[in-house]
Amino acid sequence: MDVNEGNPKFSAFPFKPYSIQIDFMNALYHSLNNGGVSMLESPTGTGKTMSVICSALQWVVDQRRQQEAGFVCGNDKVNDGGLGSDDEPDWMRNFDVNKDDQVKEDKMKNKKDKFGYEKKKKKKEKDNCKESLTAKGCESLQKKIETVDVSDKEFLLEEYESEDEDDPCCVSSKRKATKSILTSSSEEESDEEEVEEKKFKVYFCSRTHSQLSQFIKELRKTVFATEMDVVSLGSRKNLCINQEVIALGNSTRVNERCLELQQKNKNKASKIKNLKVGAGVHRTKASSGCPMLRKRRLQREFRNEASQRGPLDIEDLASLGRTLGTCPYYGSRSMVLKADLVVLPYQSLLSKSSREALGLNLKSNIVIIDEAHNLADSLISMYDSKITLSQLENAHCHLERYFMRFRNLLGPANRRYIQTLMVLTQAFLRVLHSEKDGNIVGSCHDIEKASEETRASDFTMAINDFIFELNVDNINLFKLLKYIRESNVMHKVNGYGEKLSTMEKMSAHNKTRENGEEGSCQSAFQALADILQSLTNNDSDGRIIISRSRPTSLTKHQGYIKYVMLSGEKLFSEIVDQAHSVLLVGGTLQPIEETRERLFPWLLPNQLHFFSCGHIVPPDSIMPIAVSRGPSGRSFDFSYSSRSSPDMMRELGLLLCNLVNVVPEGIVVFFPSFDYEGKVYENWKSSGILERITKKKRVFREPRNNMDVESVLKEYKDVICTLSATNSGVNQASHTGAILLAVVGAKLSEGINLSDGMGRCIVMVGLPYASPSDIELLERIKHIEGFRNSKSTENPRLSTCNDIYGGDVRGGFDILRSCSNRGKEYYENLCMKAVNQSIGGYCVLTVTRKGYIIL
């Protein structure tokens, strides 16, 4: 097909498309022709997913056909048009040129590798010379090592030698860096076969696994299901089939255990290799401590079977893995290279470390980001880092114990870096303890004795101010992080700490602390590494939050240090610079100016391609109502200070009692938070209102645990479907449907399609404005407002910093009032986008605190 002959035809669409769907597909197709960044808005319920599939994949097919037919000839065509013209796009014309450049780069790389070999050879000769010169000193160290208990030798670090350090006794080879701070050999796995990566690969990402599963279901309805190689990527928690690991429940613990199993096997294999070098013992990359990764044959069988079955979602991949007895997590990862379409969650694509670990190549490929209404906040939140007081205490104690045990056996580099880590943990602990008890934290005993009386205020600081205040500005964090990556120190210290924990009779306090939600010592070290990595960012990219421990009404608030990323421009540019085209798709993308300023400010407004279409459902099929008063005449006021009054909750319940009598089938009620939903439910239960509602409709509540959401939603749908199938007018006395109590911003508010009878009426209780006492929200608002630039001459300190928050709502409102339009607009947009995302395109009854119509 000739792209230049008018608009393209989308024959893969499984049925006759609506006019707005054709417009959307044309807009997306031409956006791919032009390249760059585009934003395409299509309301919920307009067939957006199917339109994206048929347009994007049709473009890929057309480009490949043109390439095969020889239309892409590089220098044979002259471009007379600019951006957005109908001529062949720049990236296609330059394809052959880029290919030649790549060949040159490969040749240069080979030369460098050859030169590197010669360099390594010379270095080896130099090391051998040093070894002979310092044999006596090293022999003395070796004798000390030989005296160590056999059971402790596995925890002893190999001598570390960095590129710019040259110690006579450091004769051991340098350890190879891994791709992440806590990783395993399987993170760097590769196929046995040489597979050429597909051109024009499409990466489709969305927020949740349920949304990705919906995408796969829509894809199966098209011819592309048999024409394209498709792979879905998911988290370990969703794809793991090892029952021992699944039983841990918490995703952090699942990740840790998976890596731990492989790390233990890696150490074991290394020992075997060292003992039997002459016998030719060789450890392959596929071997693993996990029983689901021991047979490489099963991994190949998994890939072949998954390819033959066509597009599979996360559940299908997990089921296939259980059937074959092999890991679907690593099996699906190995299919990325030869895939035409990769379906993956936000984290896997937007996080640079995740992209590198998965081996995702965005160069000249297509990135489609669905549900992009809160993309800026989602992106920067992935680069946040946090370490709690208990994690710091845990890490410091384990480092101290390890250092005391092996200090005489460690080489100078290992000894110096471990001491540096201890200095940093001490400095962080001083910040979190009270001023009178936070002078010097010298040992585990000192930590346990630290005072629990602390200040109730939270602080925010710039990175440079934080580092200078702690007096650690002389530490080279880049070299320290490199050491953590290369030396395997985290695993060694963690392993030795676990051994001590099993041998010693630990107190109940320590057992509770180490087996809690925050995970083991390994998770504490990962948190420490993450916060250190955050401190290497530019000073203006984010802020440090220091929250000290304080008692609350129910429990004690644990202190923490958190880095909050505020600038997403650099993070997003890494994706835009590599990809041919980045498409932001969603139902509520407007206002687009805020997204542009936060993610791609270098792109002028007239260079950003934006498309928005109306809704398929005509306006007269929707009845928006704003209710300002309840059945008894009381005015509704769902502001934070008034919404929890018994009279207000009772008035809301009476309104629902009336609604269940007149609205058939399903009603969905959205509350601003889980806490408020719980208060309202208990009030209705004690006052008898809940009993009145249940006489007409079954009541379902959205669970806090995301793992239970699917089962609740399925049961809710079954009730509606059963009622619809049997409702012939014979029995009108029983239930007339069901009512679902949901929460804005939770699982049921995004990516859930409640079609037809599932959502005959949607009730929005108040407006879900974020709490003004949220310190992270206030920092984002101030960053958007530009407060940091105007106050660049100030130099806040921990003791005299002006950015001190007492956690009260009034202080937050004072900051909001001092904002100009940009800060206030961001605050209101957060609320209205959440409302629009929740109600979708269904019949809406809106209960507001001021009585105005939202839609």
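Applying a 10 Å radius around every beta-carbon, put 630-642, 417-429 in order of their mean neighbour count, most first.
Working: 630-642: 14.3, 417-429: 20.2.
Ranking, from highest mean packing down: 417-429, 630-642.
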Dimensionless Rg ratio for segment 603-662, taking C-alpha atoms and the 2.2 N^0.38 Å reference: 1.89
Centroid-to-centroid separation of segment 594-640 and segment 655-712 [C-alpha atoms, Å]: 25 Å
Filtered GluC sites (Glu not before Pro), segment 360-431: DSSP coil and at most 12 other beta carbons within 10 Å: none
Rounded percent of accessible protein surface that carbon and sulfur make up, segment 340-439, 1.4 Å probe: 44 percent
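Which order do the peptides 482-491, 11-20 take when ranked by the mean count of other beta-carbon atoms within 10 Å per residue, highest first?
482-491, 11-20
Filter the trypsin sites (Lys or Arg not before Pro) in segment 530-626 to those in DSSP coil with at most 15 other Cβ atoms within 10 Å of their Cβ, and list the result. Before the final figure, lay out the partial values.
Working: sites: ARG543, ARG548, LYS556, LYS562, LYS570, ARG596, ARG598; in loops: ARG548.
Of the trypsin sites (Lys or Arg not before Pro), not one in the loops of segment 530-626 has a Cβ with at most 15 other Cβ atoms within 10 Å.
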Cα-projected label distance for GLN243 with ASN821, points at 7 Å along beta-carbon direction, nm: 6.3 nm
Most to least packed among 374-387, 348-361 [average Cβ atoms within 10 Å]: 374-387, 348-361
Exceeding the 28 Å Cα-Cα cut-off - candidates LYS9/LYS833; LYS386/LYS714; LYS685/LYS717; LYS295/LYS352: LYS9/LYS833; LYS386/LYS714; LYS295/LYS352
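The values are calculated or read from the model by the stated rules, or taken from the named source; none is laboratory data. Keep in mind that this is a model prediction, so the values were computed, not measured. Every residue, glycine among them, receives a Cβ derived from its backbone with ideal geometry; neighbour counts consider all protein chains shown. SASA here: full protein model, heavy atoms, side chains in, ligands and nucleic acids out. Shrake-Rupley method; radii C 1.70, N 1.55, O 1.52, S 1.80 Å.
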